[in-house]
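Only the coordinates and a few stated rules stand behind these numbers; no lab work does. Bear in mind the structure is a predicted one, so any value in this text is a computation, not a measurement.
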Amino acid sequence: MHNVKVFFDSVKTELVKVTWPSRKETVATTGVVIFIVLIISVYLGLCDLVLTRLIRMILG
């Protein structure tokens, strides 16, 4: 049990050192992530569509 207490004391100490982002930073970062995911999704969808049609043309 002593090791568990030491572990959680260490965790608490480290969490105090963390610099948490503000709400504004979190919202902005989330927006960027959602935008990039949408762009990559569209790109991969178009690649899939093109490759599917190309394979269908080749295979008949």
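Numbers at a glance
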item	result
Cα-based helix-to-principal-axis angle, 23-59 vs the chain, degrees rounded to 10	30
Whole-number D in µm² s⁻¹ for the chain, Kirkwood Cα-pair radius fed into Stokes-Einstein, 37 °C, 0.692 mPa s	202
MRE, 222 nm, helices only [DSSP H, n ≥ 4, -39500 (n - 2.57), over the chain, to nearest 500]	-31500 deg cm²/dmol
Reach of Lys24 by Cα under 20 Å, taken over aspartates and glutamates that are not fewer than 8 positions away in the same chain	none
Acute angle (nearest 10 degrees) that the helix 2-17 long axis makes with the longest principal axis of the chain, alpha-carbon atoms	70
